[in-house]
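Take a look at the structure set out below.
The values are calculated or read from the model by the stated rules, or taken from the named source; none is laboratory data. Keep in mind that this is a model prediction, so the values were computed, not measured. Here Cβ is always computed from backbone atoms with ideal geometry, including for glycine, and neighbour counts include all displayed protein chains.
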Amino acid sequence: MQKNSAAFVLVLLVAFTACKGHEKKILVYANSDVQVDNTKTHITVTDGGPHHEQELDFSGGDPVTLDVQSPSGKLSLTASDDGLYILNLKTDTVVGSKQHVGAEGEGRITQDALTQKLDSLKKLVADQNVSDANQNYFIVPGKMARITPETQAKVFGPFTTVPGGFDAGSVPAIYKFYSMKEMREIIASLQKMTSSKIDTVPATKK
């Protein structure tokens, strides 16, 4: 009887997994409106303002290939695995990381903590110590990166702040991305807040 019950549970688990389906979510960052055809796989961007976003959702287990026409030429990029991606069609690199919102109380920030944060951000803009394992990302123009397998994760893009009252428990994870210009301004601000002299921001790759 127990064997039959175990077999029944296994069948249910397999059926649930099959019904769950596959999902790919691609967030497109660009300097202009993002024009997409009915298939959502042909994208056109032009020169324009500072930041535009477009979300593209796909179901099914097959890889999704995007054909892009931009001022810099034609691109073809493929999302093979399920998950949430960022496609950077801006003229500037975007950087970001997973945010640990609400993990600890925001007490008074010490000088050591500020210096540590500053060092971490300087490494990020220099594409140092960047990896999926560290949950931080350096996405140059014309490239696409898989951020997380969780398509329901919340991503706040460049020029968007994380609302103070945002319920972090309502999503699997939160990620924040910045343009390189924004990140340089943040680093400059942190430099002013530290008492010791900090080196200038290193040159970045595009």
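Based on what the data block shows, is residue 140 among the β-branched types (Val, Ile, Thr), within 23 Å of residue 77 (Cβ to Cβ) and either more than 18 Å from the chain's Cα centre (by Cα) or modelled with pLDDT of 95 or more (or both)? If you could, list the steps in order and put the result at the bottom.
On the way: among the β-branched types (Val, Ile, Thr): yes; within 23 Å of residue 77 (Cβ to Cβ): yes; either more than 18 Å from the chain's Cα centre (by Cα) or modelled with pLDDT of 95 or more (or both): yes.
Considered against the rule, which asks whether it is among the β-branched types (Val, Ile, Thr), within 23 Å of residue 77 (Cβ to Cβ) and either more than 18 Å from the chain's Cα centre (by Cα) or modelled with pLDDT of 95 or more (or both), residue 140 comes out as yes.
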Discussion item. Cβ-Cβ under 8 Å, sequence separation 6+ or interchain: first residue in region 154-180 and touching a residue at least 12 places away in the same chain (Cβ under 8 Å) and closer than 17 Å to residue 52 by Cα, partner outside any loop (DSSP other than H, G, I, E, B) and acidic (Asp, Glu). Which pairs?
Written reply: 157/53; 158/182; 159/182
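What residue, among those in region 143-189 that are among the β-branched types (Val, Ile, Thr) and more than 10 Å from the chain's Cα centre (by Cα), is nearest to residue 66 (Cα to Cα)? Spell out the reasoning first.
Keep residues of region 143-189 that are among the β-branched types (Val, Ile, Thr), which gives 147-148, 151, 155, 160-162, 171, 174, 186-187.
Still in the list and also more than 10 Å from the chain's Cα centre (by Cα): 151, 160-162, 171, 186-187.
Values: 151: 18, 160: 26, 161: 29, 162: 29, 171: 27, 186: 33, 187: 34 Å.
So, considering only residues that are among the β-branched types (Val, Ile, Thr) and more than 10 Å from the chain's Cα centre (by Cα), the one nearest to residue 66 (Cα to Cα) is 151.
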Discussion item. If I filter region 71-85 for residues that are in contact (Cβ under 8 Å) with a residue 24 or more places away in the chain, touching a Leu at 6+ places or on another chain (Cβ under 9 Å), part of a strand (DSSP E or B) and under 16 Å from residue 177 (Cα atoms), do I get at least one hit?
Written reply: yes
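Out of the residues in region 125-165 that are of a type in the set (A, V, I, L, M) and part of a loop (DSSP other than H, G, I, E, B), state the one that is surrounded by the fewest Cβ atoms within 10 Å (Cβ to Cβ). Break it down stepwise before answering.
Restricting attention to region 125-165, the residues satisfying the condition of being of a type in the set (A, V, I, L, M) are 125-126, 130, 133, 139-140, 144-145, 147, 153, 155, 162.
Then drop every residue that is not part of a loop (DSSP other than H, G, I, E, B), which leaves 126, 130, 133, 140, 153, 162.
Working: 126: 16, 130: 18, 133: 6, 140: 17, 153: 17, 162: 14.
Checking each candidate, the answer is 133.
Taking region 70-80 only, how many residues are of a type in the set (S, T, N, Q) and closer than 13 Å to residue 28 by Cα? Even if it seems obvious, please write down each step before you answer.
First, the residues of region 70-80 that are of a type in the set (S, T, N, Q): 70, 72, 76, 78, 80.
Still in the list and also closer than 13 Å to residue 28 by Cα: 70.
Matching residues across region 70-80 total 1.
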Response to the item:
Per the filter on region 80-96, residues among the small types (Gly, Ala, Ser) and either modelled with pLDDT under 95 or surrounded by fewer than 19 Cβ atoms within 10 Å (Cβ to Cβ) (or both) are 80, 83
Discussion item. Could you check region 5-37 and list, in sequence order, the residues that are assigned to a loop (DSSP other than H, G, I, E, B), more than 21 Å from the chain's Cα centre (by Cα) and modelled with pLDDT under 95?
Written reply: 21
